[in-house]
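Okay, so here's the structure we're looking at.
The values are calculated or read from the model by the stated rules, or taken from the named source; none is laboratory data. Computed from a predicted structure; not experimentally measured. With ideal geometry, Cβ positions are generated from the backbone for all residues, glycine too; neighbour counts draw on all protein chains shown. The accessibility values were calculated without ligands, DNA or RNA, using every heavy atom of the protein model including side chains. Shrake-Rupley method; radii C 1.70, N 1.55, O 1.52, S 1.80 Å.
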Amino acid sequence: TFRCPMNELTPTPSRVLRGSSDVVPWVLWFLLLPPLLLGLACGGLHFWIVPRIDEFRPLLETQASRALGVPVRIGAISAKSNGLFPSFQLRDVTLLDSAGHVALRLPLVLAALSPRSVLQLGFEQLYIDEPELDIRRTADGKILVGGLDFSSATRRDTGALDWLFSQAEFVIHDGTVRWSDEQRGAPPLALQQVDFVMRNEARSHAMRLDATPPRVWGERFTLMARFHQPLLSVHAGEWQQWAGQVYADFAHLDVAQLHQYVDLPGVTLQQGNGALRAWVDVRQGRLTGGTFDVALAQVDATFATQLQPLALQSVAGRFEGRLLATGYEFSTHGLQFSTPDGLHWPGGNVTLTYTQAEGKAPAQGNIQANKLDLAALAQVASRLPLGPAVHDALAAYAPRGLVQQVQGSWQGPLAAP
């Protein structure tokens, strides 16, 4: 009779099984720990923070003042337990500038939390109702927004902007924005019924602003923008490194009001009103190109002090331009204009490309155009800063007639091709 010892019948666990038995508890702890911490955080918020939220007001004022670099005052704080995470309500929040004046007033702030926002130490949504914001340029050129200095932000002092541009959604409803320019001495400008929405993701930022200007400026307008941070950027507040596009839509605008507040390079606008749409490309805080759709009437502009003003009874069409690595490109599409003395541009298209000399390669240019009314073109060109040689040639030859199509190219500088 064959007999087998009992210890030989008992299976011995393999090395893999023994290793798995050591790992499984750690895996379970790893899977259970985040929900456990989340539950503890929620419980602490609902049962400890919510009932005593107003007691934390002095601490929040201190922390906010330290983070923003300006004094912050909070009138009252309340919280509601209406879901997994509570929501918070702040009233009468004010930011003071360096002189102690109220630079930003927030009557009502609603803040909502989410699991993601808690992990990022932020909010899922910030909703601000009827705020009042002062933007001011001081006599020495500093730009102060709500008391915060935006004119010389560096990596050391972008903490407030880093926090703002990392919030998932930021909403302003029915606000007021006042712009004061101590450097130019222009009268203050106030925008009413300001609605603003900003949504931020990992490295992208989308914004929309709708506002109503003073009646003499025109009608309600819209600004929209979408920007992207560089791949290796770690500071969301360094907006000077962003790239993207800005869109503007003005249904009716009196452009003559701009010269009081903005220096338009090389041009002074005395008169002009109508509709304007623009798409502007931005890279690293600089304008690199744009497209402009215009429909203006009674335009009166001066491009140089020694030139006569350019007066147009009406102008409509599309202008496009962009900066190249060593030059520029400019074009018009469906452009039509008429002068007070009856000259009319029939709606032709012009494309001009010019690159500067680089190394042994000379400067060169190319132009294509159709439907050119030479008399109208000569009159407009005589008011533009094209140089004495061009102005003398226009005066000497007094060109007239209609050119159906022209294409040309040249080498050398534009002033001496």
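How about the stretch 69-78: which of its residues are open to solvent by 60 Å² or more (accessible area, probe 1.4 Å) and either under 26 Å from the mean Cα position of the chain (by Cα) or hydroxyl-bearing (Ser, Thr, Tyr) (or both)?
Within the stretch 69-78, just 69 meets the criteria.
Please find, among 185, 237, the residue that is without any contact (Cβ under 8 Å) to a residue 12 or more places away in the chain and either at positive phi or open to solvent by less than 70 Å² (accessible area, probe 1.4 Å) (or both). Outline the logic, then answer.
On the way: 237 fails: without any contact (Cβ under 8 Å) to a residue 12 or more places away in the chain.
The conditions single out 185.
Please state which one of 377, 323, 352, 402 is farther than 16 Å from residue 272 by Cβ, within 33 Å of the chain's Cα centre (by Cα) and open to solvent by 60 Å² or more (accessible area, probe 1.4 Å).
Step by step, each of 377, 323, 352, 402 is checked, and only 323 is farther than 16 Å from residue 272 by Cβ, within 33 Å of the chain's Cα centre (by Cα) and open to solvent by 60 Å² or more (accessible area, probe 1.4 Å).
Being at pLDDT below 95 and either over 22 Å from residue 290 (Cα atoms) or surrounded by fewer than 18 Cβ atoms within 10 Å (Cβ to Cβ) (or both) narrows it down to one of 217, 242, so name that one.
217
Here's a check for you: in the stretch 356-397, which residue that is assigned to a loop (DSSP other than H, G, I, E, B) and among the polar types (S, T, N, Q) is modelled with the highest pLDDT? Walk me through how you get there before you give the answer.
Within the stretch 356-397, the first condition is being assigned to a loop (DSSP other than H, G, I, E, B), and the residues that meet it are 356-357, 359-360, 362-363, 382-387.
Filter again for among the polar types (S, T, N, Q), leaving 356, 382.
On the way: 356: 89, 382: 86.
Result: 356.
Would you confirm, using the coordinates I've provided, whether residue 148 is under 19 Å from the mean Cα position of the chain (by Cα), at pLDDT 80 or above and not aromatic (Phe, Trp, Tyr)?
Answer is no for this residue.
Pull up the stretch 117-144, narrow it to residues that are at pLDDT 80 or above and β-branched (Val, Ile, Thr), then point me to the one that is surrounded by the most Cβ atoms within 10 Å (Cβ to Cβ).
128
Mind checking whether some residue in the stretch 383-392 is open to solvent by 80 Å² or more (accessible area, probe 1.4 Å) and touching a residue at least 60 places away in the same chain (Cβ under 8 Å)?
For the stretch 383-392, residues open to solvent by 80 Å² or more (accessible area, probe 1.4 Å) and touching a residue at least 60 places away in the same chain (Cβ under 8 Å): present.
May I ask you to list the residues in the stretch 193-240 that are in contact with a helix residue (DSSP H, G or I) (Cβ under 9 Å, 6 or more places away or on another chain), among the aromatic types (Phe, Trp, Tyr) and assigned to a strand (DSSP E or B)?
227
Tally time: how many residues in the stretch 355-374 are crowded, with 16+ Cβ neighbours inside 10 Å, of a type in the set (Asp, Glu) and in contact with a Ser or Thr (Cβ under 9 Å, 6 or more places away or on another chain)?
Residues in the stretch 355-374 being crowded, with 16+ Cβ neighbours inside 10 Å, of a type in the set (Asp, Glu) and in contact with a Ser or Thr (Cβ under 9 Å, 6 or more places away or on another chain): 0 in total.
Look through the stretch 262-273, keep the residues that are out of contact with any Pro (no Cβ under 9 Å at 6 or more places or on another chain) and open to solvent by less than 70 Å² (accessible area, probe 1.4 Å), and return whichever of them is modelled with the lowest pLDDT.
264
Going by what's in this entry, would residue 316 be described as touching a Pro at 6+ places or on another chain (Cβ under 7 Å), among the small types (Gly, Ala, Ser) and surrounded by 12 or more Cβ atoms within 10 Å (Cβ to Cβ)?
No.
Quick one: how many residues across the stretch 256-273 are out of contact with any Asp or Glu (no Cβ under 9 Å at 6 or more places or on another chain) and either of a type outside the set (S, T, N, Q) or within 19 Å of residue 347 (Cα to Cα) (or both)?
Result for the stretch 256-273: 8.
Go through the stretch 374-408 and give me each residue that's touching a His at 6+ places or on another chain (Cβ under 7 Å) and closer than 17 Å to residue 336 by Cα. Before the answer, list the steps.
If we filter the stretch 374-408 for residues that are touching a His at 6+ places or on another chain (Cβ under 7 Å), which is where we start, we get 376, 382.
Answer for the stretch 374-408, where residues must be touching a His at 6+ places or on another chain (Cβ under 7 Å) and closer than 17 Å to residue 336 by Cα: just 376.
Out of 411, 336, which single residue is open to solvent by 40 Å² or more (accessible area, probe 1.4 Å) and touching a residue at least 24 places away in the same chain (Cβ under 8 Å)?
411
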